[in-house]
Amino acid sequence: MSPHTRAVENWTLQPLTEFVREASVRLVLVLTPSGQVLAQSGFSRAVDVMSAAALAAAIVASTGELARQLQQPPFAALSHQGPKHGFFLATFASDRGTLAVLAVYDLDVSSLGLVQLFYEQLAADLKAASPKTTVPKQVLAADFERELTDSLNTLFGR
(Lines give C-alpha, C1' and ligand atoms only; values in the text may rest on other atoms or scores of the structure.)
Protein backbone atom coordinates (compact mmCIF):
# COMPACT_ATOMS: atom_id res chain seq x y z
CA MET A 1 0.00 0.00 0.00
CA SER A 2 1.26 3.47 -0.87
CA PRO A 3 2.17 5.72 2.07
CA HIS A 4 -0.21 8.22 0.47
CA THR A 5 -3.21 5.86 0.59
CA ARG A 6 -5.60 6.71 3.38
CA ALA A 7 -9.20 5.91 4.22
CA VAL A 8 -11.62 7.77 6.46
CA GLU A 9 -13.93 4.75 6.25
CA ASN A 10 -11.89 1.54 6.51
CA TRP A 11 -14.18 -0.57 4.31
CA THR A 12 -12.95 1.46 1.31
CA LEU A 13 -9.24 0.73 1.81
CA GLN A 14 -8.86 -2.77 0.31
CA PRO A 15 -10.89 -2.07 -2.87
CA LEU A 16 -9.05 1.23 -3.37
CA THR A 17 -5.62 -0.37 -2.91
CA GLU A 18 -6.43 -3.08 -5.47
CA PHE A 19 -7.76 -0.50 -7.95
CA VAL A 20 -4.59 1.61 -7.67
CA ARG A 21 -2.40 -1.44 -8.25
CA GLU A 22 -4.42 -2.96 -11.11
CA ALA A 23 -5.32 0.22 -13.02
CA SER A 24 -1.91 1.88 -12.48
CA VAL A 25 -3.49 5.20 -11.56
CA ARG A 26 -1.59 8.14 -10.11
CA LEU A 27 -4.30 9.73 -7.93
CA VAL A 28 -7.69 8.45 -6.75
CA LEU A 29 -10.48 9.81 -4.61
CA VAL A 30 -13.54 7.93 -3.38
CA LEU A 31 -16.05 10.53 -2.27
CA THR A 32 -19.69 11.40 -1.85
CA PRO A 33 -21.30 13.68 -4.45
CA SER A 34 -21.12 16.51 -1.90
CA GLY A 35 -17.32 16.20 -1.81
CA GLN A 36 -16.84 14.28 1.46
CA VAL A 37 -13.71 12.17 0.95
CA LEU A 38 -13.98 8.55 2.09
CA ALA A 39 -10.58 7.42 0.80
CA GLN A 40 -7.70 8.70 -1.28
CA SER A 41 -4.46 7.54 -2.82
CA GLY A 42 -1.50 9.40 -4.27
CA PHE A 43 -2.07 12.82 -2.74
CA SER A 44 0.64 14.20 -0.48
CA ARG A 45 -1.07 17.40 0.71
CA ALA A 46 -4.48 17.85 2.33
CA VAL A 47 -5.12 20.99 0.31
CA ASP A 48 -4.76 19.00 -2.92
CA VAL A 49 -7.23 16.38 -1.69
CA MET A 50 -9.79 19.00 -0.74
CA SER A 51 -9.34 20.93 -4.00
CA ALA A 52 -9.76 17.78 -6.09
CA ALA A 53 -12.78 16.70 -4.02
CA ALA A 54 -14.45 20.10 -4.41
CA LEU A 55 -13.83 20.11 -8.16
CA ALA A 56 -15.08 16.52 -8.54
CA ALA A 57 -18.23 17.34 -6.56
CA ALA A 58 -18.82 20.40 -8.75
CA ILE A 59 -18.43 18.32 -11.92
CA VAL A 60 -20.84 15.67 -10.60
CA ALA A 61 -23.38 18.38 -9.72
CA SER A 62 -23.05 20.26 -13.01
CA THR A 63 -23.24 17.16 -15.21
CA GLY A 64 -26.22 15.97 -13.14
CA GLU A 65 -27.97 19.26 -13.80
CA LEU A 66 -27.14 19.08 -17.52
CA ALA A 67 -28.64 15.59 -17.64
CA ARG A 68 -31.74 16.83 -15.81
CA GLN A 69 -32.17 19.69 -18.28
CA LEU A 70 -31.81 17.21 -21.15
CA GLN A 71 -34.44 15.05 -19.42
CA GLN A 72 -32.21 12.02 -19.25
CA PRO A 73 -30.69 9.95 -16.44
CA PRO A 74 -27.42 11.27 -14.95
CA PHE A 75 -24.29 10.57 -16.99
CA ALA A 76 -22.56 7.38 -15.85
CA ALA A 77 -18.99 8.63 -16.30
CA LEU A 78 -16.84 11.21 -17.96
CA SER A 79 -13.20 11.45 -18.91
CA HIS A 80 -10.75 13.96 -20.29
CA GLN A 81 -7.27 13.43 -21.67
CA GLY A 82 -4.41 15.83 -22.11
CA PRO A 83 -1.04 15.17 -23.72
CA LYS A 84 0.37 13.35 -20.64
CA HIS A 85 -2.48 12.66 -18.22
CA GLY A 86 -6.13 11.70 -18.22
CA PHE A 87 -8.85 11.65 -15.65
CA PHE A 88 -11.93 9.53 -15.19
CA LEU A 89 -14.89 10.48 -13.00
CA ALA A 90 -17.86 8.19 -12.39
CA THR A 91 -20.62 7.68 -9.84
CA PHE A 92 -22.42 4.57 -8.66
CA ALA A 93 -25.07 3.64 -6.10
CA SER A 94 -24.11 1.74 -2.94
CA ASP A 95 -25.65 1.02 0.45
CA ARG A 96 -23.62 4.01 1.68
CA GLY A 97 -25.43 6.17 -0.89
CA THR A 98 -24.17 7.46 -4.21
CA LEU A 99 -20.38 7.47 -4.38
CA ALA A 100 -18.01 9.04 -6.88
CA VAL A 101 -14.56 7.93 -7.98
CA LEU A 102 -12.05 10.34 -9.47
CA ALA A 103 -8.97 8.69 -10.98
CA VAL A 104 -6.02 10.47 -12.60
CA TYR A 105 -3.64 8.39 -14.71
CA ASP A 106 -0.48 8.88 -16.76
CA LEU A 107 -1.01 8.01 -20.42
CA ASP A 108 2.41 6.34 -20.67
CA VAL A 109 1.53 3.95 -17.80
CA SER A 110 -2.22 3.34 -18.10
CA SER A 111 -5.15 4.03 -20.41
CA LEU A 112 -8.79 5.01 -20.23
CA GLY A 113 -9.81 1.46 -21.13
CA LEU A 114 -7.73 -0.02 -18.33
CA VAL A 115 -9.09 2.50 -15.81
CA GLN A 116 -12.69 1.83 -16.92
CA LEU A 117 -12.19 -1.93 -16.72
CA PHE A 118 -10.86 -1.84 -13.17
CA TYR A 119 -13.32 0.89 -12.14
CA GLU A 120 -16.15 -1.59 -12.71
CA GLN A 121 -14.46 -4.00 -10.29
CA LEU A 122 -13.80 -1.18 -7.80
CA ALA A 123 -17.46 -0.15 -7.86
CA ALA A 124 -18.58 -3.77 -7.34
CA ASP A 125 -16.08 -4.25 -4.49
CA LEU A 126 -17.13 -1.00 -2.79
CA LYS A 127 -20.82 -1.93 -3.13
CA ALA A 128 -20.11 -5.31 -1.53
CA ALA A 129 -18.00 -3.80 1.28
CA SER A 130 -20.20 -0.81 2.11
CA PRO A 131 -21.92 -0.90 5.50
CA LYS A 132 -25.47 -2.19 5.17
CA THR A 133 -26.99 -0.66 8.29
CA THR A 134 -25.22 2.66 8.61
CA VAL A 135 -27.12 5.69 7.42
CA PRO A 136 -24.76 8.62 6.88
CA LYS A 137 -25.55 11.43 9.25
CA GLN A 138 -26.36 14.84 7.85
CA VAL A 139 -23.62 17.41 8.33
CA LEU A 140 -25.09 20.58 9.74
CA ALA A 141 -23.62 23.92 8.76
CA ALA A 142 -22.62 24.54 12.39
CA ASP A 143 -20.67 21.25 12.44
CA PHE A 144 -19.13 21.59 8.99
CA GLU A 145 -15.75 23.01 10.00
CA ARG A 146 -15.32 20.52 12.84
CA GLU A 147 -16.39 17.59 10.60
CA LEU A 148 -14.01 18.74 7.86
CA THR A 149 -11.11 19.08 10.31
CA ASP A 150 -11.84 15.67 11.85
CA SER A 151 -12.03 14.05 8.41
CA LEU A 152 -8.77 15.61 7.27
CA ASN A 153 -7.03 14.62 10.50
CA THR A 154 -8.24 11.03 10.11
CA LEU A 155 -7.38 10.97 6.43
CA PHE A 156 -3.82 12.12 7.00
CA GLY A 157 -3.23 10.28 10.27
CA ARG A 158 -2.96 13.32 12.49
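Could you tell me which label, among (i) 16.0; (ii) 17.1; (iii) 18.0, carries the value of Kirkwood radius over Cα pairs in Å calculated for this structure? After the calculation, the listed value that fits is (i).
Rounded to the nearest Hz, the phi-derived 3J(HN,Hα) couplings of the stretch 105-110 under the Karplus curve 6.51 cos²θ - 1.76 cosθ + 1.60 (θ = phi - 60°) are 9, 8, 5, 7, 10, 9, where x marks glycine and proline. Accessible surface calculations at 1.4 Å, restricted to protein heavy atoms, place the chain at 56 Å² per residue.
The length gained by stretching the chain between A67 and L55 to full extension, at 0.36 nm per residue less their Cα-Cα distance, is 2.5 nm. Amide H contacts for S94 (H built 1.01 Å from N in the peptide plane; partners 5 or more residues away or on another chain; cut-off under 5 Å): L99.
Within the accessible area of the chain, the carbon and sulfur atoms contribute 57%, probe 1.4 Å, all protein chains present. The distance between label points at H85 and N153 comes to 3.0 nm (points 7 Å beyond Cα on the Cα→Cβ vector).
Please report the relative contact order for the chain, taking Cα pairs under 8 Å with a sequence separation of at least 6, and give it as a percent rounded to a whole number. Relative contact order, the chain: 27 percent. Packing, as the average of other Cβ atoms within 10 Å across residues, places the peptides 32-43, 90-101, 70-81 in the order 32-43, 90-101, 70-81, highest first. Using the Kyte-Doolittle scale, which helices in the chain average at least 0.0 and also have C-alpha atoms spread 24 Å or more along the helix axis, with helices defined as whole DSSP H runs? Helices meeting the criterion: 46-69, 112-129. Which of L114, L31, L102 moves the most in a Gaussian network model of the chain with Cα springs under 10 Å? Top of the fluctuation ranking is L114.
The values are calculated or read from the model by the stated rules, or taken from the named source; none is laboratory data. A quick note: this is a predicted structure, and the numbers were derived from the prediction, not measured. In this analysis, Cβ positions are derived from the backbone assuming ideal geometry, glycine residues included, and neighbour counts consider all displayed protein chains. Note: accessible area is taken over every heavy atom of the protein model, side chains too, but ligands, DNA and RNA are not part of it. Shrake-Rupley method; radii C 1.70, N 1.55, O 1.52, S 1.80 Å.
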